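The values are calculated or read from the model by the stated rules, or taken from the named source; none is laboratory data. Keep in mind that this is a model prediction, so the values were computed, not measured. Methodologically, a virtual Cβ is constructed for each residue, glycine included, from the backbone with ideal geometry; neighbour enumeration extends over all protein chains shown. Side chains are part of the model used for accessible areas, which takes the heavy atoms of the whole protein and leaves out ligands, DNA and RNA. Shrake-Rupley method; radii C 1.70, N 1.55, O 1.52, S 1.80 Å.
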Amino acid sequence: MAAETTRDEYGTDTRPILETDRLTKRFGAFTAVDGVNLSIRRGEFRSVIGPNGAGKTTLFNLLSGGLAATEGTVRFDGEDVTDLPPQERVRRGIGRSFQILNIFGELTVRENVRLAAQSVHRDDYGFLASLFKPTDRHDGINARTDEVLDDVGLTGLATAEANALSYGDKRRLELGMVLATDPELVLFDEPTAGMSIEETERTIDLIDDVLADRTLLLIEHDIELVMELSDRITVLHQGEVIAEGRPEAIADDRAVQDAYLGGMLE
């Protein structure tokens, strides 16, 4: 019998899907992430904020496997994944979008999404076979690709070269590539950076539509957006967590106001 789901007063599943214990990253004498302890609940929308240089992207690199931890551990869905490479974390259910676009510009939109879908099924075919085997023999992957293209609103651009897309559509494509790996947890590093107000609204609506049942961890400089979307917020300063709580608590935290937000939440 499956363990009973425990929910708090807000209806959030209290079981953590992601935990870190004293997670630390040093570059020589510089400590970019300093003993960070996180506990992210299933289905939670958590934001990580702080000034430039606070360690936010380095933290995401540690969680996704892009960087090796100097000290500490990362546990995902109860499993220690601290030493796993990025592709293995993707296959276990950790997806990530980047601050800088991470797409294959010379491939078509459909090819980008299909490659992402294939990446989590390589053991079914072998790595090289999964990339080069005739695609008509990959019925499940093709079906998943079509489903994702429909979800992110790019079916009509499926045969277009990715480089030819508008900036907003490139971001939608990147989201589609993340979605194609069927992640349980998605790390978003400034997904609306460089977008107009209208593009930002469409992107947030899209995330809400297609990832409503996933756990989301967000880095975002738009404080109003963070306050609107987040269940909880973690504040970093010089690699350390200095505050954590619900948006209203963070908004009322004088240390956060004085050090990072300059009164923006008042």
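Structure notes:
- Rounded accessible area per residue of the range 36-94, 1.4 Å, Å²: 39
- Counting only protein heavy atoms and a probe of 1.4 Å, the accessible surface of the range 7-103 is 45% carbon and sulfur.
- Distant-in-sequence amide contacts of residue 17, defined by a placed amide H-H separation under 5 Å and a gap of 5 or more residues or a different chain, comprise 40, 41, 42.
- Area accessible to solvent at residue 197, 1.4 Å probe radius, in Å²: 120
- When each of the peptides 228-238, 177-187, 101-111 is scored by how many other beta carbons lie within 10 Å of its residues on average, the order from highest to lowest is 177-187, 228-238, 101-111.
- Remark: the range 144-159, residue by residue, has Karplus-estimated 3J(HN,Hα) of 5, 4, 5, 4, 5, 4, 5, 4, 9, x, 10, 4, x, 10, 4, 9 Hz, where x stands for each Gly or Pro and the curve is 6.51 cos²θ - 1.76 cosθ + 1.60 at θ = phi - 60°.
- Amide N proximity, the range 85-99 versus residue 68 label position 7 Å along Cα-to-Cβ, cut-off under 13 Å: 85-86
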